[in-house]
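The values are calculated or read from the model by the stated rules, or taken from the named source; none is laboratory data. Keep in mind that what you see is a predicted model, and the values were worked out from it rather than measured. Every residue, glycine among them, receives a Cβ derived from its backbone with ideal geometry; neighbour counts consider all protein chains shown. Each accessible area value is taken on the protein alone, full model and side chains, heavy atoms only, with ligands, DNA and RNA left out. Shrake-Rupley method; radii C 1.70, N 1.55, O 1.52, S 1.80 Å.
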Amino acid sequence: MNTLCKLKENINIRGKIFPSESLAEHTTFRIGGPAELFIEPADEAELIAVMEFLGKTGVPCFILGGGSNVVISDDGLEGAVISTAALDSLSIDDGDREYAGDSGELRIRAGSGCTMEKLLLRCRELSLSGLEEFAGLPGTVGGAVYMNARCYGRSVSDVLRSVTWFDRAAEKIRECRIDMDDWDYKKSPFQNREGVILSAVMAVKKGKAEDIASLMERYIRDREEKGHFRYPSAGSVFKNSREYGKPSGLIIDEAGLRGYAIGGAQVAPWHGNIIINTGNASASDVARLVGYIRNYVRGKTGFDLEPEILFAGPFQDTE
Ligand SMILES: Cc1cc2nc3c(=O)[nH]c(=O)nc-3n(C[C@H](O)[C@H](O)[C@H](O)COP(=O)(O)OP(=O)(O)OC[C@H]3O[C@@H](n4cnc5c(N)ncnc54)[C@H](O)[C@@H]3O)c2cc1C
């Protein structure tokens, strides 16, 4: 492959490169065609070199974290898929005094490819409190920042202090301090930027080991009881709307769509806002089911559900 040869010629990659890598293996839905080129840079410097190379050659690229909020087309993705998996560093510091004051706030810096599981485990080991609500959240720190993930009433932006990111247009590393005007429910400024999140700094405090462990366990148990991990999925399909005043799951339940299936994609029989892969679902099954639910709910209630899951690659119009 041309791009692959040129990339190998230009950058001495220590990380992994696979042509035609199945993306189903890299998503929690277990769905998706191949990436023309799948690249897992070994570290930040290598990731930036790869991004610069792709920028110059005009090869399209998609950034993949834990793949827990994406539906990748059955046709796969053209160009390069860049996995952040190797950017999984974690470090703790005292914060800068000027910003942290005497509040006892500590800062934890996590590489964008660090899984939320690894971050939470380290907090637990070191008795650091503040992130407990995110226990059990699949995916990576970069994905959670990009999505401004929200769990049990707490958004990532509530605990975020700064983000280091690579600006692809300017080819510069930038530091983003958190201005709450740029963040909202499941919205982050990165959704409108051509950038790669490299690392994020979050605020934590020393806490009591037993309290931290028992809170984390409680949230994980709650997810298990709600059937989050029973089948492959991407978690909640639709955002909740404050205007409508009802969670999207309840709106879908009331429309009688629990258990409704198209091909191998099914509205979870126990939760209206989760679509599960019952075994052989295609991305097109999921897209058609999402389209069906939106149309049906719009027809019944006049309300337009907004998808939270992201579709990547070519899809037929399902509306
Ligand atoms: C069982 C289950 C339960 C879930 N529960 C919740 C929940 O309670 N709350 C919630 O908010 N979400 C939930 N989710 C959805 C998902 O886990 C979150 O959105 C998660 O934060 C996505 O992280 P990820 O690393 O998997 O991102 P991915 O799915 O890999 O990517 C999501 C988006 O982020 C972009 N991205 C990822 N990393 C970077 C980076 N370093 N730089 C720039 N862009 C990047 C991708 O390009 C993509 O557009 C759940 C999912 C599952 C499967």
When the chain is treated as a Gaussian network with springs between alpha carbons less than 10 Å apart, the largest mean-square fluctuation among Glu225, Glu132, Glu308 is found at Glu225
Between Met202, Gln191, Ile276, whose Cα lies farthest towards the positive end of the dipole of region 188-319 when Lys and Arg beta carbons carry +1 and Asp and Glu beta carbons carry -1, centred on the Cα centre? Met202
Given all pairs of different Cα atoms, what value in angstroms does the Kirkwood hydrodynamic radius of the chain take? 20.7 Å
For region 50-185, size of Cβ-based charge dipole, Lys and Arg +1, Asp and Glu -1, in debye: 240 debye
Region 130-275 - charge dipole about Cα centre, Lys and Arg +1 at Cβ, Asp and Glu -1, debye rounded to 20: 80 debye
For the chain, modelled as a GNM with alpha-carbon contacts under 10 angstrom, which of Ala255, Ala203, Ala234 fluctuates the most? Ala255
Given a 1.4 Å probe, the accessible area of region 2-83 per residue, as a whole number of Å², is 44 Å²
Could you pull out the pairs from Lys187/Lys208; Lys239/Lys300; Lys226/Lys246; Lys118/Lys226 whose alpha carbons sit more than 28 Å apart here? Lys187/Lys208
Looking at Leu131, Phe229, Met116, which one has the Cα that reaches farthest to the positive end of the dipole of the chain (charges on Cβ: Lys, Arg +1; Asp, Glu -1)? Phe229
At R0 = 25 Å, FRET efficiency that the Cβ-Cβ distance of Arg177 and Lys246 yields, to 0.05: 0.10
Using a probe of 1.4 angstrom, how much of the accessible area of region 1-57 is carbon and sulfur, in percent? 47 percent
Accessible area per residue, Å², region 229-312 with all protein chains present, probe 1.4 Å: 45 Å²
Among Ser129, Ser214, Ser103, which one shows the highest mean-square fluctuation when the chain is modelled as a Gaussian network with alpha-carbon springs under 10 Å? Ser103
Using unit Cβ charges (K, R positive; D, E negative) and no other charged atoms, how large, in debye to the nearest 20, is the dipole of region 229-312 about its Cα centre? 80 debye
Expressed as a percent, the accessible surface of region 90-224 that is carbon or sulfur, using a 1.4 Å probe and the full set of protein chains, is 45 percent
